[in-house]
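To keep things clear, I will list the structure first and then write my remarks on it.
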Amino acid sequence: MSVALDVTEHAKPPRAVFLPFMMGHHFGVPHHKELQRQIILEAFDHLTHAKDSGEVSYPSFKWAKVRKEGIAIKKSLGLK
């Protein structure tokens, strides 16, 4: 799991999933259980289906959408 593509490309791990999220938010935003589940499933899928060493997966998650969903979840839970 990576949120820093330049670091991932430099480190060249055997497999990686790049998420275009803010640093420290590898699984999205707090309380967003469905997104966190999707990210984990994406990582498992990449782990089992990557053909070449060093292959990076680029799921279609977008930080702006995830952040908006996170704000809505916080409001629905009565959190600040």
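The values are calculated or read from the model by the stated rules, or taken from the named source; none is laboratory data. In this text the structure is predicted, and so the values were computed from the model without any measurement. Here the Cβ is made from the backbone with ideal geometry for all residues, glycine too, and neighbour counts use every protein chain on show. The area values use the complete protein model at the heavy-atom level, side chains included, leaving out ligands, DNA and RNA. Shrake-Rupley method; radii C 1.70, N 1.55, O 1.52, S 1.80 Å.
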Considering only region 40-61, I want to know if a residue exists there that is assigned to a strand (DSSP E or B) and in contact with a Leu (Cβ under 6 Å, 6 or more places away or on another chain). no
Residues of region 45-70 being aliphatic (A, V, I, L, M), open to solvent by less than 70 Å² (accessible area, probe 1.4 Å) and touching a residue at least 12 places away in the same chain (Cβ under 8 Å), in sequence order, are ALA50, VAL56, VAL66
Per the filter on region 4-44, residues over 27 Å from ALA72 (Cβ atoms), open to solvent by less than 90 Å² (accessible area, probe 1.4 Å) and not hydrophobic (A, V, I, L, M, F, W, C) are THR8, PRO13, PRO14
